[in-house]
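Below: one structure, written as structure tokens.
Quick note: the coordinates plus some simple rules give every number you see, no bench work behind them. In this text the structure is predicted, and so the values were computed from the model without any measurement. Cβ placement follows ideal geometry from the backbone for every residue including glycine, while neighbour counts extend to all protein chains displayed.
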């Protein structure tokens, strides 16, 4: 992306280096061949960050970095922005009646974790090796017409072709719940109905999978008392987000900005 093609981002007289906006573009989607869209999204994000940092410095806030993961700490700028928002945002704590009303809208949203009974065929490869990935994908694609919909035929092919140790049991992985597998494999399970086989191979860090959902047990609907704290937390976070957005809108309204369009913020 040629940054020279795009206008300078200037926030209240402070010129933001093009390199900062360019680095931010990796966090924003855009159609192929239209880098200007990603640039504009990135410029808006950087403009908001710059406004928040300017306000934090104007208030004399010193960065007090917190540990966000083991041995990983915030940057000074992240700490300043967090400190500012902690100062100006005071989310409303939801009343019990409001929490109950939110639950009552659709209690079926709040369930115990599901259980999936799953079989699979693995065509193993290192996804970082393009040739190996390509070859394994074609091998998996050739197997899909052979497995059919029947559990027995799937087990026969799995026991002969799978690269997973589960081949000895016809590819069955037994009962799985959330968190029992890698996230990309779990994502497959959440979209399969009982008896369904993935129509195309699915790639994970282990290779290409053909997956059969042998059985699904949806978790029971949880009583209000069990989910009340979770609903209250979600409502408090939503209140925090609304107030933070209002604060940003206030900063934008009084700012002089060129190179970004924050009218819809």
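Three semi-axes describe the equivalent ellipsoid of segment 167-237; taken as square roots of 5 times the Cα gyration tensor eigenvalues and ordered largest first, they are 31, 15, 11 Å.
Considering only 26, 243, 80, the Gaussian network model of the chain with Cα springs below 10 Å gives its largest mean-square fluctuation to 26. With angles folded into 0 to 90 degrees, how steeply does helix 130-147 sit against the dominant principal axis of the chain? Use alpha carbons for both and round to 10. That works out to roughly 50 degrees. Altogether, the Stokes-Einstein calculation at 10 °C and 1.306 mPa s, with the Kirkwood radius of segment 6-132 over Cα pairs as Rh, returns a diffusion coefficient of 80 µm²/s.
Under a Gaussian network description of the chain, with springs only between Cα atoms under 10 Å, the residue in 150, 71, 96 that fluctuates furthest is 71.
Averaging 1/r over every pair of different alpha carbons in the chain and inverting the result gives a Kirkwood radius of 23.2 Å. Axis angle, to the nearest 10 degrees, between helix 96-105 and the longest C-alpha principal axis of the chain: 40 degrees.
To the nearest ten degrees, helix 76-88 and the longest principal axis of the Cα atoms of the chain are 70 degrees apart. Label sites at residue 156 and residue 191, each approximated as a point 7 angstrom past Cα along Cα to Cβ, lie 3.0 nm apart. The GNM of the chain, with springs linking C-alpha atoms under 10 angstrom apart, assigns the highest mean-square fluctuation among 113, 183, 31 to 31.
Can you show me the helix-derived [θ] at 222 nm for the chain, built from DSSP H runs with n ≥ 4 at -39,500 (n - 2.57) apiece and divided by the number of residues, rounded to the nearest 500. Please report the intermediate quantities before stating the final value.
Details: 8 runs with 120 residues, N = 265.
So the calculated ellipticity at 222 nm is -15000 deg cm²/dmol.
Could you tell me what a quarter of the Cα convex hull surface of segment 208-265 works out to, in nm² with one decimal place?
Details: hull surface 37.1 nm².
The orientation-averaged projected area of the Cα hull of segment 208-265 comes to 9.3 nm².
Over segment 115-217, the pair-distance histogram of Cα-Cα distances with 5 Å bins from zero comes to 2, 15, 26, 27, 20, 8, 2, 0 percent, rounded to whole numbers.
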